[in-house]
Amino acid sequence: MLTHLVTPLLMCIGMGLAYLGAFAHPAPHHLPVAVVGSSRSAQLLAQSINDKAGGDLEVRTVAHRSTAVDQLKHQDIFGAYVPKGEGSGKGRGDAGDGNGQARVSGNAGATGHARSAGVARSAGVARATGVARATGAGNAATPELLVATAASDTSASVVQKIFTPLAAQQGAPLKVTDVAPTADDDPTGQGIFFLLVAISIGSYASVAVIGGAGAVLPIRLRAALAVGTSFVVSLIGAAFAGPVFHLVDHGLWGLWGMAWLYSAGILLIGTGLHTFLKRWTTLGVMALFVMLNFTSSGGIFRPEMQNGFFAALHSFWNGAGFVEGVRSHVYFDGYGLSGHLWTLALWLVVGVLMVGVAALAERRRRSAEAEAAANAAAVAAAAVAATVPEPAPKPIRSPVDDGVEEELEEAVGV
């Protein structure tokens, strides 16, 4: 019993290290933002923020508001500050790009994630009076902040905390425009992350059943069960996202396809691993698809808000492929979707290869066991032959001998 308790204790340690390591101290690391304007004052403002951020931000300047909107929709930046007088009349269709679907986010008070020390340091760059003066005086327009909540609600909250003091220094309220709002029933956009959690648990928990109760089945049948189970899990996930909780208002079939790719990859990898890990399989798949997966998916904090380890995992882990793929498909007109689909497909290929390797290992194991059984039987037979003497051969008797023996038996009364 004590040896079996090692597994839940290792799960406790792993979950603590993963979740607290990824989420305990969120702070921007080279978070890309923009200042809109081609004037000297806009360039001075961007340079001043960069200098005071100390690497927390990467501030660039873009000439027009429409350019900033495009970069937000391509997730090249996660906030764009339009100072007074900048951006008005710059490029056609600006009002349609942002104001046509404008939504005051109110994200500054929506979450507590932006209260970390790193975020506070970044927000402090806007309190320098020199920065406030750099925007120039006498402009009539209201300062505006462009964000894309669908990319990350927490990043939008952090950007708003950073730039709100700039507008306050000018004595004007900051207008926040959401150029990529989420579905009405998922205002923070984090419903996709919790959908990821549900699909992941349904997938890796099924691995324990297929590997345990189905251990006597051939590996091909177990693989078929894994694929079939992933189909059911993905349908459940699509039902949650669509008719049950309305996490998305369009693109449900594409979401289902990505859910199937994601679930099938987990189930096939787990089924193959069970051949080698046995009772440690649950711990193994939890480490891969919970501890490292949820924390690097970008569903709560994007990689720009995490340390280098989890930011690096985000670039190729399957949970990130699902979350970013759904975001791209539903909210950003499919921009960058192919890369996320390739990520999910490669994890599925890894699952197929893992099952193939497991099949070879099981075949060799069966051959070795059969050979060992045959050798054991031969050794046992030889041992029996060496210890048990063979019976002496009976003499060959003739009918005459039998007749004489009968007469003698009758003579002595036998």
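The values are calculated or read from the model by the stated rules, or taken from the named source; none is laboratory data. None of the values given here were measured: they were computed from a predicted structure. When we count neighbours, we look across all protein chains shown, and the Cβ atoms used for this are built from the backbone with ideal geometry, even at glycine. Note: areas computed on protein heavy atoms with side chains; ligands, DNA, RNA excluded. Shrake-Rupley method; radii C 1.70, N 1.55, O 1.52, S 1.80 Å.
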Under a crude label model (7 Å from the Cα following the beta-carbon direction), how far is residue 201 from residue 76 in nanometres? 4.0 nm
How large is the accessible surface per residue of segment 253-370, computed with a 1.4 Å probe and reported in Å² as a whole number? 39 Å²
Rank-order 232-244, 325-337 by packing density, defined as the average count of other C-beta atoms within 10 Å over each peptide's residues, highest first. 325-337, 232-244
Applying a 10 Å radius around every beta-carbon, put 146-154, 285-293, 256-264 in order of their mean neighbour count, most first. 146-154, 256-264, 285-293
Which one of 48, 32, 14 is farthest out on the positive end of the charge dipole of segment 1-81, using unit charges on Cβ (Lys, Arg +1; Asp, Glu -1) and the Cα centre as origin? 48
Cα centroid of segment 214-273 to Cα centroid of segment 160-179, whole Å: 44 Å
For peptides 176-183, 377-384, 299-306, 210-217, sequence by mean Cβ density within 10 Å, most packed first: 299-306, 176-183, 210-217, 377-384
Based on Cβ point charges of +1 for Lys and Arg and -1 for Asp and Glu, what charge dipole magnitude is obtained for segment 212-357 about its Cα centre, in debye rounded to the nearest 20? 560 debye
Separation in nanometres of the label points that stand 7 Å from Cα toward Cβ, at residue 346 and residue 5: 4.2 nm
Tally Lys/Arg at +1 and Asp/Glu at -1 over every other residue whose Cβ is under 12 Å from the Cβ of residue 304; what's the total? -2
When the charge dipole of segment 172-272 is computed with +1 at the Cβ of Lys and Arg and -1 at the Cβ of Asp and Glu, the Cα pointing farthest to the positive end, of 207, 192, 260, is that of 207
